[in-house]
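This report concerns only the one structure given below.
The values are calculated or read from the model by the stated rules, or taken from the named source; none is laboratory data. Because the structure is predicted, anything quoted here is derived from the model rather than measured. Here the Cβ positions follow ideal geometry from the backbone for every residue, glycine too, while neighbour counts run over all protein chains shown.
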Amino acid sequence: MNRLATTVTKLKDVLVLEPRVFGDARGHFVESWNARAFREATGLDVAFVQDNESRSRGGVLRGLHYQLTQPQGKLVRVARGRVFDACVDLRRSSPTFGAWDGIELSEENRRQLWIPAGLAHGYLVLSASADVLYKTTEFYAPADERTIAWNDAGLQIAWPLEPGQEPSVSARDAAGVPFSQASFFE
């Protein structure tokens, strides 16, 4: 039996992964990463070089980030709380170039999101706080990072914000460029 259920999204190569959860009255056990199970479920053989963890309070929006010359594939999950995770396809050769998709990741649903290199990524914290963990296929290179405006009118990402709610964003994210001015991948 496959240890990892896989669902395709509307974006090419972006996958939702659901690991099996083993639970009883004492609690639960989840194998959050297994290279063999990932390869069997996705057909991909990836090498992760860095693990990242971010804690954010409710209403924080981080993104939309990507690295141009050192693009990162990311396997994202939430250990505590809930987020709406969104990604945008920046690969000109992709049939879903310029499209976005989003999914809720939470400690309850234990879903993981595989985002291949060539996409921008961001998330909005929906709970009082959230711990987001992600593995990357390339090292973080601050000088290589780019940011697309989270609220770009052309993308029309349906962030689940309350009417009149403005998310809390960093100065860097507030200065993100419109999608039309972004650098893309071939």
Every residue in segment 1-19 that is farther than 19 Å from Glu104 by Cβ, among the basic types (Lys, Arg) and either surrounded by 18 or more Cβ atoms within 10 Å (Cβ to Cβ) or at pLDDT 85 or above (or both), please. Lys12
One residue from Ala117, Ala86, Ala130, Ala79 being surrounded by fewer than 18 Cβ atoms within 10 Å (Cβ to Cβ) and among the hydrophobic types (A, V, I, L, M, F, W, C): Ala79
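Is it true that Gln72 is in a loop (DSSP other than H, G, I, E, B) and either surrounded by fewer than 21 Cβ atoms within 10 Å (Cβ to Cβ) or among the charged types (D, E, K, R) (or both)?
no
Okay, residues lined up against (1) modelled with pLDDT under 95; (2) within 17 Å of Val8 (Cβ to Cβ); (3) of a type in the set (S, T, N, Q):
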site: Val76; (1), (2), (3): no, yes, no
site: Ala86; (1), (2), (3): no, yes, no
site: Arg92; (1), (2), (3): no, no, no
site: Pro95; (1), (2), (3): no, yes, no
site: Asp101; (1), (2), (3): no, yes, no
site: Gln112; (1), (2), (3): no, yes, yes
site: Lys135; (1), (2), (3): no, no, no
site: Pro142; (1), (2), (3): yes, no, no
Suppose we keep only residues that are assigned to a strand (DSSP E or B) and free of Cβ contacts under 8 Å to residues at least 24 places away in the same chain within segment 1-51. Which one would you say is farthest from Tyr140 (Cα to Cα)? Asp24
Test: residue in segment 90-102 that is within 17 Å of the chain's Cα centre (by Cα) and of a type in the set (A, V, I, L, M): yes
Just name the residue that is surrounded by the most Cβ atoms within 10 Å (Cβ to Cβ) out of those in segment 27-43 that are in contact with a Phe, Trp or Tyr (Cβ under 8 Å, 6 or more places away or on another chain) and more than 11 Å from Leu17 (Cβ to Cβ). Val30
Subset of segment 108-125 (residues that are part of a strand (DSSP E or B) and within 15 Å of Leu75 (Cβ to Cβ)): Gln112, Leu113, Trp114, Ile115, Leu119, His121, Tyr123
Out of all the residues in segment 138-155, is one or more more than 19 Å from Gly58 (Cα to Cα), within 19 Å of the chain's Cα centre (by Cα) and surrounded by fewer than 10 Cβ atoms within 10 Å (Cβ to Cβ)? yes
Within the group Gly164, Gly176, which residue is over 17 Å from Val88 (Cβ atoms) and more than 17 Å from the chain's Cα centre (by Cα)? Gly164
Spot the failing condition for Cys87; the list is (1) under 19 Å from Thr42 (Cα atoms); (2) touching a Lys or Arg at 6+ places or on another chain (Cβ under 8 Å); (3) assigned to a strand (DSSP E or B), and only one is missed. (2)
Members of segment 128-186 that are part of a loop (DSSP other than H, G, I, E, B), within 22 Å of Asp101 (Cβ to Cβ) and among the small types (Gly, Ala, Ser): Ala149, Ala153, Gly154, Ala158, Gly176, Ala182, Ser183
Pairs under 9 Å by beta carbon, first residue touching a residue at least 60 places away in the same chain (Cβ under 8 Å) and at positive phi in segment 76-97, partner β-branched (Val, Ile, Thr) and in a loop (DSSP other than H, G, I, E, B), six or more apart or different chains? none
